[in-house]
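One structure is given here, and the rest of the page talks about it.
The values are calculated or read from the model by the stated rules, or taken from the named source; none is laboratory data. None of these values were measured; they are calculated from a predicted model. Glycine gets a Cβ as well: all are built from the backbone with ideal geometry, and neighbour counts include every protein chain shown. To get the accessible areas, we keep the full protein, side chains included, count just its heavy atoms, and leave off ligands, DNA and RNA. Shrake-Rupley method; radii C 1.70, N 1.55, O 1.52, S 1.80 Å.
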Amino acid sequence: MGAGHGHTLHYHGHSAIHRLPAHVKIVALVLFVLAVVATPREAFWPYAAHLTALVGAVLVSRVPLSYIGTRMVVEVPFVVFALLVPFVAIGPRVAVGPFEVSAPGLVAAWALLAKGTLGVIASLLAAATTEARDLVAGFERLRLPQPLVQIMSFMLRYTEVVAGELSRMRIARDSRGFRARSIRQWPVLGHTLGALFIRSYERGERVHLAMLSRGYAGRLPSLHPRTATSGEWAVGGILPGVAVLVCAAALVIAR
Amino acid sequence: MHVPDGFLDAPTSIATAVVAAGGVAAAIRGTRRDLDERTTPMAGLVAVFIFAAQMINFPVGAGTSGHLLGGALAAVLAGPWLATLALTVVLILQAFLFADGGITALGTNVLLMGLVGVWTGWLVFRAASHLLPRRLTSVAPAAAIGALVSVPVAAAAFAGLFAIGGQADIPVVAVLTAMVSWHLLIGIGEALITALVVGSVVAVRPDLVYGARPLLGARPLEIRQGVTP
């Protein structure tokens, strides 16, 4: 238990955004993304405004921009797809440099990229400023059904167990001279996964039975119940508020 | 690749979210029937495995990427109801923690992977189990067949949603052929991994495999004579 308690995306800090209760951040994130997705895609300036507001929030959180930047690789397959859209889409062609591309495809690609990127940055900011167990508590406060909350907390607790078990098994396998060179070694890897499943399950089962015998009835007691003050709701509402205003302005101007 | 924000239009996203919410509510009711002290840890562990499996992304030509879905694996190990819940949790955490899959597209992703993937895998697994001999060794091949079918079916379902509410003017046939042909290949990989994992769990702890329970019930209690020294 001496290992780090945050998840790999968490960036430790004490900014105003770090201190916000998790459920406020979840609601703010959902509202922000909804406003971005609803923004009409013909104009450029609303997206610049969204991005400015979002970068402002990142600066307030004191999470380094490079930290968010390196984690945006998750978006790469999607970016490649968006870049290919103008080439495969149908519609009137326009010349861009040496290529003939579809004009509606170009607009679609731009909108996909802009909306997707803003969504990714916003999620990464929320993940970087929220610890995993706070996130589970936040979902619980937002009345996510109990079975889902329980599975989620078990999953986050199991992740460390499974990763530790796997690394021990890998060391044991490698020290016996195993090298995964070709497809013939797949059965060994398959057995590794099967054994990993059973070992992790049996460890988790012992933990779960110990919890049950100590009176666990499906809900972990919360030592510091986090209720949000109206001030915290106001702070959390700044970013989605700006996004909704920008979206509304863009809709009015586009009309 | 999970469906990102802004990929499908609002009516499609909302409709898929409603369908997904209905499916998850049905799954919660379904799990209540066979709830015991081992279900929740089981679902949590299955969720970890699915989470890890979905991290492995294969670059698929034409700019998209595919990954293992794990729907059939989850359904065979934990039962289809619990598998739907496990997949839903995985997708929620991926959207909120790793920005993989858009938040407004969460309903779409739950529909495609948590409902279509899991239930296709489970129904095909059941059909295959009926055709194969009733032995424990048939569980792994049946699970492989379920996995093989479920991946392209989920890809085809995505192409169908794209035809209804896609936000890019790409010919639907092109999307369908690209998605389904590549996911056939991914389905083969998924079938192999599913068979290997299910096979090795069945060999040691068949009682943990939901899909193997009907076979276990048929086994009579066998009392062996102890060895006298």
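The candidates A:Y47, A:Y216, arranged from most to least accessible area with a 1.4 Å probe in the full protein assembly, appear as A:Y216, A:Y47. Look at the stretch A:38-47: the mean tally of other chain Cβ atoms within 10 Å of its residues' Cβ atoms is 1. Between rounded, prolate and oblate, where does segment A:118-170 land on the alpha carbon gyration tensor, with a ≥ b ≥ c its root eigenvalues, rounded for a/c under 1.5, else prolate if a/b exceeds b/c? Judged from the Cα gyration tensor, segment A:118-170 comes out oblate (a/c at least 1.5, b/c at or above a/b).
With all protein chains in place and ligands, DNA and RNA left out, the 1.4 Å accessible area ranks A:R203, A:R255, A:R214, A:R173 as A:R255, A:R214, A:R203, A:R173, largest first.
Consider a paramagnetic label point 7 Å from the Cα of B:V18 along Cα→Cβ; state which residues of segment B:91-122 have an amide N under 19 Å from it. From segment B:91-122, the list is B:104-112, B:115-116.
Just the protein heavy atoms count here, and of the accessible area of segment A:118-255 at 1.4 Å, carbon and sulfur take up 62 percent. Partner shielding of A:134-146 amounts to 2, given as the average count of beta-carbon atoms from other chains within 10 Å of each residue beta-carbon.
Buried area at the B:A interface is about 5200 square angstrom, summed over both chains, from accessible surfaces computed with a 1.4 angstrom probe. Peptide A:196-207 has a mean of 5 when you count, residue by residue, the C-beta atoms of other protein chains within 10 Å of its C-beta. Against the main long axis of the alpha-carbon atoms of chain A, helix A:45-61 sits at an angle near 40°.
Using just its DSSP H runs of length 4 or more, each adding -39500 (n - 2.57), chain B gives a mean residue ellipticity at 222 nm of -22000 deg cm²/dmol after division by all residues. Computed over protein heavy atoms with a 1.4 Å probe, the carbon and sulfur contribution to the accessible area of segment B:139-222 reaches 75%.
Put a dot 7 Å past the Cα of A:V188, heading toward its Cβ, do the same for A:S230, and the two dots end up 6.6 nm apart.
How high is the FRET efficiency from A:V207 to B:R135, r the C-beta distance, R0 25 Å, rounded to 0.05? That pair, A:V207 with B:R135, gives E of 0.15. Measuring with a 1.4 angstrom probe and ignoring ligands and nucleic acids, B:F162 comes out at about 10 Å² accessible.
Our helix-only sum for chain A, with -39,500 (n - 2.57) per DSSP H run of n ≥ 4 divided by its residues, gives a mean residue ellipticity at 222 nm of -23500 deg cm²/dmol.
Each of the peptides A:229-239, B:135-145 was scored by the mean count of other Cβ atoms within 10 Å over its residues; in descending order, highest first, they stand as B:135-145, A:229-239. Would you mind getting me the FRET efficiency between B:R32 and A:R143? Use the beta-carbon distance for r and R0 = 25 Å, nearest 0.05. Rounded to the nearest 0.05, the efficiency is 0.90. Per residue, segment A:110-153 exposes 31 Å² of solvent-accessible protein surface, assessed with a 1.4 angstrom probe and all protein chains in place. Given +1 at the Cβ of Lys and Arg, -1 at the Cβ of Asp and Glu and no other charges, the dipole of the protein assembly as shown around its Cα centre is 1260 debye to the nearest 20. A 1.4 Å probe over all protein chains sorts B:F125, A:F81 by accessible area into A:F81, B:F125, starting with the largest. Angle between the Cα long axis of helix A:103-129 and the longest principal axis of chain A, 0 to 90 degrees, nearest 10? Approximately 40 degrees, to the nearest 10.
The long axis of helix B:118-131 is offset from the longest Cα principal axis of chain B by roughly 40 degrees.
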